[in-house]
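Undergrad: After the structure tokens below, expect a handful of questions from me.
The values are calculated or read from the model by the stated rules, or taken from the named source; none is laboratory data. As the structure is a computational prediction, the values presented were derived from the model and not from experiment. FYI the Cβ positions are ideal-geometry reconstructions off the backbone, even for glycines, and counts take in every protein chain you see. With ligands, DNA and RNA removed, areas are computed over all heavy atoms of the protein, side chains included. Shrake-Rupley method; radii C 1.70, N 1.55, O 1.52, S 1.80 Å.
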Amino acid sequence: EAAYTALVAAQGLSTSERLERKKSEWPGWGDAEIRRCCQAQAEMDPQLVRNGNVIPSRPWPQVLDSLSEAAVHVLIVTGTDRVGITPELQELARGHGARVEVLPGASHFVRRDTPELFKRIASTFFDNCISAAANSI
């Protein structure tokens, strides 16, 4: 409900007001990221936020078990500021075979906070997945 209320309030702002608010909230983000985020807020259906399944309803251990059983490689990249992936969840994920990268000082929006480091971590992960798949053929 809080996310719904915040989204409706953001949609009530002018484009320039939304941009200024986002810049003050996330000062480390580049202008392009700020604009994309504001555009997404403007276009998002508030009812999806209010009623949608935007957080997995299956418990994390079940999700991770299913991915592991299907031999899906899992990479979780998270930060240490304003994140939902607690150290306990990080350990749970590692225990189910996931690779977990924690970037100190980054937020929930790791890709926006540290774009180059995120790209490097993700690219290495995908390259390793591709190599592993090629070697298993």
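Undergrad: Would you call Val77 touching a Phe, Trp or Tyr at 6+ places or on another chain (Cβ under 8 Å) and modelled with pLDDT of 95 or more? Don't jump to the end; show me each part of the working.
TA: Numbers: touching a Phe, Trp or Tyr at 6+ places or on another chain (Cβ under 8 Å): yes; modelled with pLDDT of 95 or more: yes.
Yes; evaluated as a whole, the condition is true for this residue.
Undergrad: Continuing with the same structure: If we keep just the residues of region 55-65 that are farther than 17 Å from His108 by Cβ and in contact (Cβ under 8 Å) with a residue 12 or more places away in the chain, which is least open to solvent (accessible area, probe 1.4 Å)?
TA: Leu64
Undergrad: In region 73-83, how many residues are polar (S, T, N, Q) and open to solvent by 70 Å² or more (accessible area, probe 1.4 Å)?
TA: Taking region 73-83 and keeping what is polar (S, T, N, Q), we get 78, 80.
Within this subset, residues satisfying the condition of being open to solvent by 70 Å² or more (accessible area, probe 1.4 Å) are 80.
Residues in region 73-83 being polar (S, T, N, Q) and open to solvent by 70 Å² or more (accessible area, probe 1.4 Å): 1 in total.
Undergrad: Do we have any residue at all in region 45-54 that's touching a Cys at 6+ places or on another chain (Cβ under 9 Å), within 22 Å of Ala3 (Cα to Cα), open to solvent by less than 50 Å² (accessible area, probe 1.4 Å) and of a type outside the set (Lys, Arg)?
TA: No, there is no match, as no residue in region 45-54 is touching a Cys at 6+ places or on another chain (Cβ under 9 Å), within 22 Å of Ala3 (Cα to Cα), open to solvent by less than 50 Å² (accessible area, probe 1.4 Å) and of a type outside the set (Lys, Arg).
Undergrad: If you take the residues in region 69-84 that are in contact (Cβ under 8 Å) with a residue 12 or more places away in the chain and part of a loop (DSSP other than H, G, I, E, B), which one is nearest to Cys129 (Cα to Cα)?
TA: So the residue we want is His73.
Undergrad: Which is within 16 Å of the chain's Cα centre (by Cα) and open to solvent by less than 90 Å² (accessible area, probe 1.4 Å), of Thr124, Thr86?
TA: Thr86
Undergrad: Step by step: first the residues of region 1-40, then only those that are in contact (Cβ under 8 Å) with a residue 40 or more places away in the chain and assigned to a loop (DSSP other than H, G, I, E, B), then the one that is surrounded by the most Cβ atoms within 10 Å (Cβ to Cβ). Which residue is that?
TA: Per the stated criteria, the residue is Trp29.
Undergrad: In region 92-104, is there at least one residue being more than 12 Å from the chain's Cα centre (by Cα), farther than 30 Å from Ser136 by Cα and β-branched (Val, Ile, Thr)?
TA: no
Undergrad: Return the residue satisfying two criteria in turn: it lies in region 95-121 and is under 26 Å from Lys23 (Cβ atoms) and small (Gly, Ala, Ser), and of such residues it is most open to solvent (accessible area, probe 1.4 Å).
TA: Looking at residues that are under 26 Å from Lys23 (Cβ atoms) and small (Gly, Ala, Ser), I get Gly105.
Undergrad: Starting from region 109-126, take each residue that is in contact (Cβ under 8 Å) with a residue 60 or more places away in the chain and under 22 Å from Trp26 (Cα atoms) and list its partners that are open to solvent by less than 40 Å² (accessible area, probe 1.4 Å) and outside any helix (DSSP H, G or I), counting only C-beta distances under 6 angstrom and pairs at least six apart or across chains.
TA: Qualifying pairs under 6 Å: Arg112/Trp29; Asp113/Ala106; Asp113/Ser107.
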